[in-house]
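Visitor: Take a look at this one; I'll ask things after.
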Amino acid sequence: MNLVVGAGISGCTIARELAERLGEEVLVIDKRDHIGGNCYDYYDDAGILVPKYGPHFFHTNDSRVWEYVQGFSSWRPYEHRVLSLVDGRLVPVPVNPTTVNRLFGTDIRTEDQMRTWLGENTEPITHPQNSEQAALARVGRVLYEKMFRNYTKKQWEMEPAELAPEVMNRIPVRTTREDRYFTDTYQAMPTRGYTALFQTMLDHPLISLELNRDYRQLASRPSSSPARNPSRIFFTGRIDRYFHDRNIGDLQYRSLEFLHETLDTPRLQEAATINYPSPEVPWTRITEPKLATGQESPKTTIIKEFPRSQGEPYYPVFSPGNLQLFEQYRSLAASEQKKGVFFVGRLAEYKYFNMDQAFANALALTDRIR
Ligand code: FAD
Ligand code: UDP
């Protein structure tokens, strides 16, 4: 029997693949009282489908992943758009000609004009060493100060100059009026929600599930119990918690607190997500899930995101110290793998995986095992 620790994308994909393609038995455990990991969603008191751990928009260029997820849900096309409230105006994110025109009263109409504007405003930094340099190279000083610096300080409680360039490199800059947040070929939301998708994935005669079950609790089971002697373990929780007894230190994460508010109006926002870069506002963004799910209701629920240093581990902090510490965990993981323990997923690999990358990563692992 295989043991899968964690019922998020990584755990559910591995469980399904082991059961369906290898015909092997799998026990999936999760310490939470629900499946789906951080993609978990539910109907709130007003009957609105809302995410518990932050809004999730599916997008991918990976046709294997896209075909794979079709097997577990029908999908509703949805292209995510984000606006940012800057100097009292709503402007598109990522930066595009409309963003610049609205903020500076320019009249940029062509790609060439936008390239010229960027050429005149950005700084010639070819190999950014941190997120400030990455932003200066991409959008220039004025936009950096208005849209990115304070948002990033709120989100990370660090100056962008202290953060690795990867954080800001996630944000593209557009020379056309393209205002979709993602440009991937496939962009959609599961019609019945993410939790229903994971239920379908785990619905297999060879898969059993135990919720409210922490991996550490298994040690108290009788030594003859199959859960104590699995043929393989797939661990999708925090790698630093797995190796806690080695005392080499905790990996750092940023967390978020989500405040849900239900309003007596069918729709509030102009876009599903509005960003708030202002240092005067304590939240970073507000998302209105109905705009993405397409649900009809006379009410709407909005979710405000407040960055926190404590709480659920959401974002790995890519500082040199954390990355060095992770390297130590990675070598411990390599020796553990010889005993049949595999570390997979965003917490076990200390990576910022988008959903499609988490699916692809888990599929690649089961390919190797096959
Ligand atoms: P997780 O979802 O974290 O699952 C790990 C599971 O393991 C959890 O259920 C946990 O309870 C369980 N577990 C941990 N330790 C133990 C233990 N000791 N015993 C038992 N169980 C344990 N991606 C996108 O593509 N689009 C988006 O719009 C998007 N939005 C996001 C917004 C936020 C705020 C965040 C944080 C992430 C977002 N993502 C998005 C990324 C997406 O959430 C991840 O790709 C995905 O959740 C990764 O799945 P996973 O299974 O690796 O990890
Ligand atoms: N960011 C910013 N201003 C914005 C949007 C993003 O400064 O309006 C920065 C911020 O540091 C953020 C990073 O870009 O953490 C990545 O943004 P993304 O929207 O991808 O963040 P996520 O959805 O992962 O929270």
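The values are calculated or read from the model by the stated rules, or taken from the named source; none is laboratory data. Everything numeric here is computed off the predicted structure, so don't read it as measured data. A quick note on method: Cβ atoms are made from the backbone with ideal geometry, for glycine too, and the neighbour counts reach across all protein chains shown.
Visitor: Would you point out which residue out of P205, P226, P266 is away from ligand 1 (no atom under 16 Å from the Cβ), more than 26 Å from the chain's Cα centre (by Cα) and at pLDDT below 95?
Guide: From the options P205, P226, P266, the qualifying one is P226.
Visitor: So in segment 57-85, with the set limited to residues that are polar (S, T, N, Q) and within 20 Å of G36 (Cβ to Cβ), which one is nearest to ligand 2 (Cβ to nearest atom)? If you could, list the steps in order and put the result at the bottom.
Guide: Step one: of segment 57-85, the residues polar (S, T, N, Q) are 60-61, 63, 70, 73-74, 84.
Adding the requirement that they be within 20 Å of G36 (Cβ to Cβ) leaves 60, 70, 73-74.
Values: T60: 15, Q70: 24, S73: 22, S74: 25 Å.
By that ranking, first place goes to T60.
Per-residue answers, yes or no, for (1) in a loop (DSSP other than H, G, I, E, B); (2) within 10 Å of ligand 1 (Cβ to nearest atom); (3) in contact (Cβ under 8 Å) with a residue 12 or more places away in the chain; (4) not assigned by TED's automatic domain parsing to the domain that holds F353:
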site	(1), (2), (3), (4)
R32	yes, yes, yes, no
I35	yes, yes, yes, no
N38	no, yes, yes, no
A46	yes, no, yes, no
V50	no, no, yes, no
G54	yes, yes, yes, no
H59	no, yes, yes, no
V65	no, no, yes, no
Y68	no, no, yes, no
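Visitor: Something else now. Here is a check on your reading of the model: is E178 in a strand (DSSP E or B), surrounded by fewer than 16 Cβ atoms within 10 Å (Cβ to Cβ), of a type in the set (D, E, K, R) and out of contact with any helix residue (DSSP H, G or I) (no Cβ under 8 Å at 6 or more places or on another chain)?
Guide: no
Visitor: Which number in (1) in contact with a helix residue (DSSP H, G or I) (Cβ under 6 Å, 6 or more places away or on another chain); (2) surrounded by fewer than 21 Cβ atoms within 10 Å (Cβ to Cβ); (3) not in a helix (DSSP H, G or I) marks the one condition that F234 misses?
Guide: Going through (1) in contact with a helix residue (DSSP H, G or I) (Cβ under 6 Å, 6 or more places away or on another chain); (2) surrounded by fewer than 21 Cβ atoms within 10 Å (Cβ to Cβ); (3) not in a helix (DSSP H, G or I) one by one, F234 breaks only (2).
Visitor: To continue, here is another question. Quick one: how many residues across segment 229-263 are among the hydrophobic types (A, V, I, L, M, F, W, C) and either modelled with pLDDT under 95 or under 30 Å from R368 (Cβ atoms) (or both)? Outline the logic, then answer.
Guide: Let us first name the residues in segment 229-263 that are among the hydrophobic types (A, V, I, L, M, F, W, C), namely 233-235, 239, 243, 248, 251, 256, 258-259, 263.
When the remaining residues are screened for being either modelled with pLDDT under 95 or under 30 Å from R368 (Cβ atoms) (or both), the result is 233-235, 239, 243, 248, 251.
Matching residues across segment 229-263 total 7.
Visitor: Related question: Tally time: how many residues in segment 149-164 are more than 16 Å from ligand 1 (Cβ to nearest atom), surrounded by 20 or more Cβ atoms within 10 Å (Cβ to Cβ) and either within 19 Å of the chain's Cα centre (by Cα) or in a loop (DSSP other than H, G, I, E, B) (or both)?
Guide: Total meeting the criteria: 1.
Visitor: Against the condition surrounded by fewer than 20 Cβ atoms within 10 Å (Cβ to Cβ), more than 20 Å from E312 (Cα to Cα) and either among the charged types (D, E, K, R) or within 19 Å of the chain's Cα centre (by Cα) (or both), how does E67 come out, does it pass?
Guide: Answer is yes for this residue.
Visitor: Name the residue, out of E312, E296, that is part of a loop (DSSP other than H, G, I, E, B) and farther than 19 Å from Y40 by Cβ.
Guide: Values: E312 fails: farther than 19 Å from Y40 by Cβ.
Sole residue among the options that is part of a loop (DSSP other than H, G, I, E, B) and farther than 19 Å from Y40 by Cβ: E296.
Visitor: Based on what the data block shows, is S278 within 30 Å of I302 (Cβ to Cβ) and in a strand (DSSP E or B)?
Guide: The answer is no for S278.
Visitor: Please give the number of the condition P205 fails out of (1) assigned to a loop (DSSP other than H, G, I, E, B); (2) of a type outside the set (F, W, Y); (3) in contact with a Cys (Cβ under 8 Å, 6 or more places away or on another chain).
Guide: Condition (3) is where P205 drops out.
Visitor: Still on this model: Kindly evaluate Y329 against the criterion of being within 20 Å of T13 (Cα to Cα) and either away from ligand 1 (no atom under 16 Å from the Cβ) or hydroxyl-bearing (S, T, Y) (or both).
Guide: Spelling it out, it is not the case that Y329 is within 20 Å of T13 (Cα to Cα) and either away from ligand 1 (no atom under 16 Å from the Cβ) or hydroxyl-bearing (S, T, Y) (or both).
Visitor: Could you look through segment 3-18, keep only residues that are outside any helix (DSSP H, G or I) and at negative phi, and pick out the one that is surrounded by the most Cβ atoms within 10 Å (Cβ to Cβ)?
Guide: Top of the filtered list is V4.
Visitor: Can you tell me how many residues in segment 89-126 are away from ligand 2 (no atom under 16 Å from the Cβ) and not hydroxyl-bearing (S, T, Y)?
Guide: Residues flagged as away from ligand 2 (no atom under 16 Å from the Cβ) and not hydroxyl-bearing (S, T, Y) within segment 89-126 amount to 20.
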